[in-house]
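K.L.:
Take this structure first; my questions come after.
The values are calculated or read from the model by the stated rules, or taken from the named source; none is laboratory data. Because the structure is a prediction, the values reported are computed rather than measured. So basically every Cβ, Gly included, is an ideal-geometry build from the backbone, and we count neighbours across all protein chains shown.
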Amino acid sequence: MISFPLLVLVLCNFIAIGLLPILFFRRDGEINLRWLAIGAPFFVVPAALLLGQVGLLDALYLAQGQVLIAMQLIAVLLSIISVALIAMTVGTHRVPLALWHQDNDAPVQLVTWGPYARIRHPFYTSFLLAFAAAVLALPHALTAACFIYSVVALSITARREERRLAASEFGAEYCEYMAITGQFLPRLMS
């Protein structure tokens, strides 16, 4: 069973992520198959956490004692960083973003400040941190599979976005930006 404060924190993180399409992103597109495929784990993991809380999904706690406490503390830290990164990234934008899952999405500006000064996809990084926290909070094959799936799906989506940005009117500037920033983590050496 997940500790109740950790459950609330991780669920609030997923709620914050879930509110982004409603409160922040442009709504000129439609929910399509690509959006659903990428978004599915964002619904499955909170459901798994709730099922784990009521005892319908058993965690694979191979760790005991201090290791388990350390896992929970790391989950708390990852969730806090995720929420903070979401807030900083939202605060960076001057115009709402496209969802990037629409064929007609086109960039309206290139953002290279705030969290974007270090990483090209801070929203995706915050999402992956949330999934990692969920795996630590409820170590189960389902949460681990959702984390792995999300890493792959967000990597594919990020590469697609980067190709589109490189081909846009911001292409030359974006290619220079890519050379000095990391995709999901800050670049250690440039």
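This table checks each residue for (1) under 27 Å from Tyr116 (Cβ atoms); (2) free of Cβ contacts under 8 Å to residues at least 24 places away in the same chain; (3) in a loop (DSSP other than H, G, I, E, B); (4) of a type outside the set (Lys, Arg).
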| site | (1), (2), (3), (4) |
| --- | --- |
| Leu7 | no, no, no, yes |
| Cys12 | yes, no, no, yes |
| Leu20 | yes, no, no, yes |
| Trp35 | yes, no, no, yes |
| Gly52 | no, no, no, yes |
| Leu56 | no, yes, yes, yes |
| Leu68 | no, yes, no, yes |
| Val76 | yes, no, no, yes |
| Ser82 | yes, no, no, yes |
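K.L.:
Another question about this same structure. Condition test on Phe127, is it touching a Cys at 6+ places or on another chain (Cβ under 7 Å) and outside any loop (DSSP other than H, G, I, E, B)?
P.N.:
no
K.L.:
Next up: Filter segment 153-180 down to the residues that are closer than 13 Å to Tyr124 by Cβ, of a type in the set (Ser, Thr, Tyr) and at pLDDT 95 or above and list them by number.
P.N.:
Ser155
K.L.:
Hey, another quick one. Could you tell me which numbered condition Arg118 fails, if it satisfies all but one of (1) charged (D, E, K, R); (2) modelled with pLDDT of 95 or more; (3) more than 18 Å from the chain's Cα centre (by Cα)?
P.N.:
The failed condition is (3).
K.L.:
From Ser155, Ser126, grab the single residue that is of a type in the set (S, T, N, Q) and touching a Ser or Thr at 6+ places or on another chain (Cβ under 9 Å).
P.N.:
The conditions single out Ser126.
K.L.:
Additional query: State which residue is farthest from the chain's Cα centre (by Cα) when the search covers only segment 37-90 and only residues that are of a type in the set (Gly, Ala, Ser) and under 13 Å from Ala132 (Cα atoms).
P.N.:
Ala75
K.L.:
For Ala145, indicate whether it is aliphatic (A, V, I, L, M) and at pLDDT below 90.
P.N.:
no
K.L.:
How many residues, within segment 106-133, are hydrophobic (A, V, I, L, M, F, W, C), in contact with a Phe, Trp or Tyr (Cβ under 7 Å, 6 or more places away or on another chain) and touching a residue at least 60 places away in the same chain (Cβ under 8 Å)?
P.N.:
Qualifying residue count, segment 106-133: 4.
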